[in-house]
Structures are given as structure tokens and as C-alpha cells.
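Just below is one structure, and these are the notes that go with it.
The values are calculated or read from the model by the stated rules, or taken from the named source; none is laboratory data. Since this is a predicted model, take the numbers as computed values, not measurements. Counting neighbours? That spans all protein chains shown, and the Cβs are built from the backbone with ideal geometry, glycine included. Please note that ligands, DNA and RNA were not included when accessible areas were found on the heavy atoms of the full protein model with its side chains. Shrake-Rupley method; radii C 1.70, N 1.55, O 1.52, S 1.80 Å.
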Amino acid sequence: MYAKFQEYLQKEIANIKADGLYKEERIIESAQGAEIMVKGKKCLNFCANNYLGLAGNPELIEAAKKGMDARGFGMASVRFICGCQDLHKLLEQKIADFFGTEDTILYAACFDANGGVFEPLLGPEDAIISDSLNHASIIDGVRLCKAQRFRYKNADMEDLEAQLQAAKNCRFRLIVTDGVFSMDGNVCPLDKIYELAQKYDAMVMVDESHSAGVVGKTGRGVTERFNLRGQIEILTGTLGKAFGGAMGGFTTGKKEIIDMLRQRSRPYLFSNSMAPGLVAAGCRMFDMMSETNELQDKLHANTEYFIRRMKEEGFDCKPSESAICAVMIYDAAKSQIYAKKMQEQGIFVTGFYYPVVPKGQARIRVQVSAAHKREHLDKCIEAFKTVRTEIEGK
Ligand SMILES: *Cc1c(COP(=O)(O)O)cnc(C)c1O
């Protein structure tokens with residue numbers, strides 16, 4: 001049997017390669033950070049979600065070690081069978097305090113939080129109205145739910161209103177959006193979404209994965225940015241990006257919603273509890289967030305500097321309110337040459353092209369971090385200029 005299947009897979013993989021879509025993995029031989037080692041060479045990393053530079057933070061490493069010493073390596077159980085540790089409850093409370101919400105439920109990852117949020121809450125008589133650029137995990141979560149599906153064009157409020165009208169006879173309506181869209185770095189227009197939600201009697205869910213820790217004056221995410229703390233029914237997020245970069249996910253919001261998820265959310269009921277070391281480090285991380293905004297300030301200054309300097313050098317950068325900076329190249333093949341040549345210059349960035357972004361909208365995505373020093377940013381900008389000269393001859 002396997003011979004036939006093997007032949008089929010080999011052909012499919014050859015097709016992926018022929019289309020230039022085969023994903024090669026880079027092997028990092030160091031800890032994650034602004035500077036990493038690849039093939040024995042020091043490189044600057046501009047494609048991690050390490051927005052606050054916490055992935056290698058010594059205090060968090062220490063907290064994780066202490067947490068493991070005190071509470072062990074793993075839980076070896078799901079929570080509804082074995083319960084959880086005091087640390088898990090503490091982390092849930094700290095997340096709720098950070099976002100100004102009522103309660104929080106932890107998951108192994110935000111992919112699980114999104115996978116398990118819709119199906120327990122909504123049924124066939126309800127409507128989910130989803131932004132067309134929402135993350136894959138939201139799309140998968142919606143697929144698992146029997147609610148009727150409506151889709152609106154990215155951040156397009158006219159289209160959202162049309163979809164809300166189309167869903168007006170449903171029992172409940174839930175608008176779902178990413179806080180920051182990862183390809184353009186644009187922030188969802190939550191003020192307008194909230195207004196429409198009021199007008200059409202809908203609830204709102206925001207996935208704060210790319211926005212938490214980054215957006216808003218103190219990094220509390222899009223609800224801070226739009227003065228809507230405590231007003232949004234459901235927020236989901238990850239501990240795998242700005243919040244330390246290890247792993248873990250959460251849903252936080254209205255207490256009855258969280259209560260219901262504890263009863264019926266399948267990735268919570270049937271998947272392992274977070275490891276104690278990660279939970280302990282997560283608690284320390286939120287304490288650090290409440291002590292100072294130093295990292296957010298550094299990140300915002302770095303992002304502002306990078307985009308301003310790139311524009312001065314004549315690069316075409318999408319407007320960004322996050323730490324994501326899309327440097328537009330437009331041509332798909334050229335974007336790949338750019339990324340490759342940037343790597344030769346010791347700069348790690350990723351080139352994205354169709355189907356990840358619309359046709360003719362290829363780009364290099366640069367992700368700025370609080371861990372970047374001014375000289376790192378300058379090196380990246382210089383590399384862009386060198387590569388442009390090599391490619392364009394100017
Ligand atoms: C990264 C990301 C996720 C997945 O988070 P994990 O914790 O890594 O599973 C979910 N939603 C959005 C919008 C993301 O950017």
C-alpha cells in the first residue's frame with residue numbers, strides 16, 4: 001500500500017518545489033534573540049515575534065527554573081480530571097488583570113484557544129462574522145462550529161455592516177477580528193467595529209496575538225488603543241510572541257463565557273495543562289509588565305525610527321501601528337531574491353508573496369523588537385540599501 005501513497009506524495013512535493021513554494025527551515029544554533037547564530041555565522045534576526053525581546057530574558061529563565069524546582073516538570077493530566085496548580089490560577093488572574101477582563105482560561109497555545117472558543121458557545125441559529133484576513137486558527141475554529149458564517153473584507157466597515165444586516169435574523173451575532181493583521185501590520189479599527197456591534201446587537205472577539213504587549217501606550221493591546229478596556233466580550237492571545245515567546249494560549253473575557261469554555265471547550269478538556277515552568281515564567285512576565293513600560297517604550301521608539309529611516313531612504317513601507325513593517329517589493333520573484341540577499345548580508349527577514357498576500361503585493365516583512373539596538377536597526381537599513389543597489393543598480 002505505501003508504495004502508491006509514497007509515489008503520490010513524492011509527486012505532490014515535487015509540484016510544491018516546482019511552484020517555488022517549498023518551505024526550507026533555517027537551523028538556529030543559539031538562543032532566540034536579536035543576534036542569532038546560523039551556520040556558525042552571527043546574524044541579526046528581524047523575523048521573530050520576539051517583540052519585547054523577552055525570549056532570552058534572564059529573569060524569565062530564572063523564574064521558569066524556580067517554577068520547575070517548586071512544582072515539577074509536567075502536569076501529566078488534563079485539568080478537569082486532575083485539577084491544576086495554584087500557579088495556573090494565578091497566571092489566569094494576572095492575564096485578566098492585564099487586559100481588564102473578568103476571567104481567563106489557559107490553553108496549550110492560542111491555536112487551541114481559537115480552536116475551542118466557537119463550538120461551545122454558538123449553534124446553527126447564530127452567526128459568526130469574520131474578517132477575511134483572520135488567522136488560520138480562527139478559520140479552523142469557525143469550521144468546527146455549526147454557526148452560520150459571514151465574511152467581511154479586511155477592516156472594511158461598509159462590508160462589515162452589510163454582513164451584520166445579512167445576519168440580523170440570527171439569534172446571536174459574534175464579530176471576530178485579529179487585533180493586528182500579520183501581513184500589513186495594520187490594527188483592526190476596533191472603535192468602529194464596536195460601534196457597529198452596538199448598532200446591530202452583536203458581540204466582539206479580538207485575537208490579540210500580535211497586538212498584546214505591543215499596541216497601546218502601555219502595550220495592553222487594541223482595547224487600550226481604542227479605550228475599550230473591559231468592553232469586549234472575548235479576547236484570545238498567546239504567550240508565544242511578545243509575552244516571552246515560549247508557549248501557551250488563553251481566552252479572557254466575560255466570566256460566564258470563560259465558565260462555559262471550562263465546561264465544554266475541547267482543547268481544554270482533552271489536552272494537557274501547561275507545564276509549571278512556563279506558568280511560573282508567565283506569572284513573572286506579567287509582574288514585569290505591571291512594574292514598568294520600558295520595553296514597550298523601547299519597541300515603539302525602535303519601530304518609529306526604523307520606518308522613518310526606511311522611508312527617508314526611499315523604501316515603500318506600509319503604514320504600521322504595530323511592530324510589523326511591510327517593505328513593499330510588489331514582484332514575487334524579486335521579493336525572494338531580496339530575502340536571500342538580505343540573508344547574505346547577515347539579516348534575517350522573510351519575503352511573502354501570493355497566496356499569503358494578494359497577487360502583485362509581494363513584500364519583505366520586518367519585525368522590530370525591543371531587543372534591537374540602534375546599530376542593529378541601522379545595519380538592517382544599510383543591508384536593504386546594499387541589496388537594492390545590487391538588484392536595481394541604484
Ligand atoms: C501566532 C498566532 C496564533 C497562534 O498562537 P500560538 O500560541 O503559537 O498557537 C493565533 N492567532 C494569531 C492572530 C496569531 O498571530
- line: In whole angstrom, the spacing between the Cα centers of the range 219-258 and the range 321-394 equals 30 Å
message: Please list, by residue number, every one of the GluC sites (Glu not before Pro) in the range 105-171 that is coil in DSSP and has at most 16 other beta-carbon atoms within 10 Å.
response: GLU125
message: How big is the dipole moment of the chain about its Cα centre under a simple scheme where the beta carbon of each Lys and Arg is +1, that of each Asp and Glu is -1, and everything else is neutral? Debye, nearest 20, please.
response: 740 debye
- prompt: Can you give the % of DSSP beta bridges in the range 195-270 that are antiparallel, to the nearest 5?
  reply: 60 percent
- line: accessible surface per residue for the chain, probe 1.4 Å, DNA/RNA/ligands not counted, whole Å² -> 48 Å²
task: Kindly flag which residue pairs out of LYS66/LYS373; LYS318/LYS385; LYS217/LYS379; LYS298/LYS373 have an alpha-carbon separation exceeding 20 Å in this structure.
output: LYS66/LYS373; LYS217/LYS379
task: Determine the calculated [θ] at 222 nm for the chain from helices alone, applying -39500 (n - 2.57) to every DSSP H run no shorter than 4 residues and normalising by the residue count; nearest 500 deg cm²/dmol.
output: -13000 deg cm²/dmol
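Pull up the DSSP beta bridges for the chain and report the antiparallel fraction as a percent, rounded to 5.
60 percent
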message: Accessible area of the chain with a 1.4 Å probe: how many percent of it is carbon plus sulfur?
response: 52 percent
statement: From the Cα centre of the range 279-315 to that of the range 156-184, the distance in Å is 30 Å
task: Enumerate the lysines that LYS89 could reach by cross-link, defined here as Cα to Cα under 17 Å, with residues fewer than 8 away along the same chain left out.
output: LYS254, LYS255
task: Just tell me which aspartates and glutamates come within less than 14 Å, Cα to Cα, of LYS146; anything on the same chain fewer than 8 places away is out.
output: GLU119, GLU125, ASP126
task: Decide, for the range 167-305, between rounded, prolate and oblate: order the square roots of the alpha carbon gyration tensor eigenvalues as a ≥ b ≥ c, take rounded if a/c falls under 1.5, and otherwise choose prolate if a/b is larger than b/c, else oblate.
output: oblate
- prompt: Taking the Cβ of PHE80 as the center, what net charge do the other residues with Cβ under 14 Å away carry, scoring Lys and Arg +1 and Asp and Glu -1?
  reply: +3
